[in-house]
Amino acid sequence: MPQSREAYLEQLEELEATFREMGDIASTNVRASGKAVVEGDVETAERIINKHNRCLRLRHTIEDRCMSLMLLQQPMASDLRFVTAAFRSVSDLGRIGEMTLDIAEIVEDLPRKAAKPVNGLITELADGAADMVEQALTGFLNSDADAAEKVFGMDDRVDSAFMAVRDSVVKGIRKDDKVASYAPEILTVAKYYERIGDHAQSFADWAIFRATGTYNGQLLGTGE
């Protein structure tokens, strides 16, 4: 038998609060991971790693609450769009969390100044990716399609920074300078930020779906 209207609304509020917490952790960790790479900050890297289990628990809680609402409450219209979008986009937040975890673990294995030749570009990448996640989260939580649409225009900044890092590392390899010693790790970190930008766009697609009921699915393949 369906629960009372009050219990139903409380479940929706709890789902939104949990989603907000996971989104905030994801965007904060993306930005913090850039600082960890640039500064060789192992303490920051460890904080990111330590938060990962919390993110996993939040993801499972979100998925469970979405399933409960869909199966037991049969939400209608805008509520159903919210629950569906949360259920689908939490996988993007989960992948973002996994990539920042991987970045943090790379930091633990690198010398403090390993990324110095590309520090500015790594900061640009991390901040750009974090901005995209934050913007998508704003669009999602406010059910604001216009805010979510802005995410797609922000990707050029991340793509440009990624290509600049790649070009710098390739030149370093040719010159056999210090950046060449850790080229695979630096390129992996840079690629993670580019992929985080892709997941932010997928997240934005679901934010638009929540607001409008329309899903473009531009980046449906980013959940691998």
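Since every read-out is calculated from the coordinates, none of them should be taken as a lab result. All values derive from a computational prediction rather than experimental measurement. As a convention, Cβ positions derive from the backbone with ideal geometry for all residues, glycine included, and neighbour counts pool all protein chains shown.
Some points to look at:
- At q = 0.13, 0.15, 0.17 Å⁻¹, base-10 log of I(q)/I(0) for region 74-144 (Debye sum, equal scatterers on each alpha carbon): -0.55, -0.67, -0.78
- Listed values for region 129-135 are Karplus-derived 3J(HN,Hα) couplings in whole Hz (6.51 cos²θ - 1.76 cosθ + 1.60, θ = phi - 60°), namely 5, 5, 4, 5, 5, 4, 5, and x replaces Gly and Pro.
- The convex hull defined by the C-alpha atoms of region 5-223 has an orientation-averaged projected area of 11.5 nm².
- Calculated over region 1-114, the projected area of the Cα convex hull averaged across directions stands at 7.1 nm².
- For residue 46, net neighbour charge (Lys/Arg +1, Asp/Glu -1) across residues whose Cβ lies under 12 Å away: -2
- Integer Hz, Karplus 6.51/-1.76/1.60 couplings in order for region 163-168, x for Gly and Pro: 5, 5, 4, 4, 5, 5
- Local electrostatic count at residue 82 - Lys and Arg +1, Asp and Glu -1, tallied over other residues with Cβ under 12 Å: +1
- Taking a Cβ cut-off of under 11 Å around residue 119, the surrounding Lys, Arg, Asp and Glu residues balance to a net charge of +1, with basic ones at +1 and acidic ones at -1.
- For region 154-159, putting each phi into the Karplus relation 6.51 cos²θ - 1.76 cosθ + 1.60 with θ = phi - 60° gives couplings of 7, 5, 4, 4, 5, 4 Hz, in residue order, rounded to whole numbers and with x for Gly and Pro.
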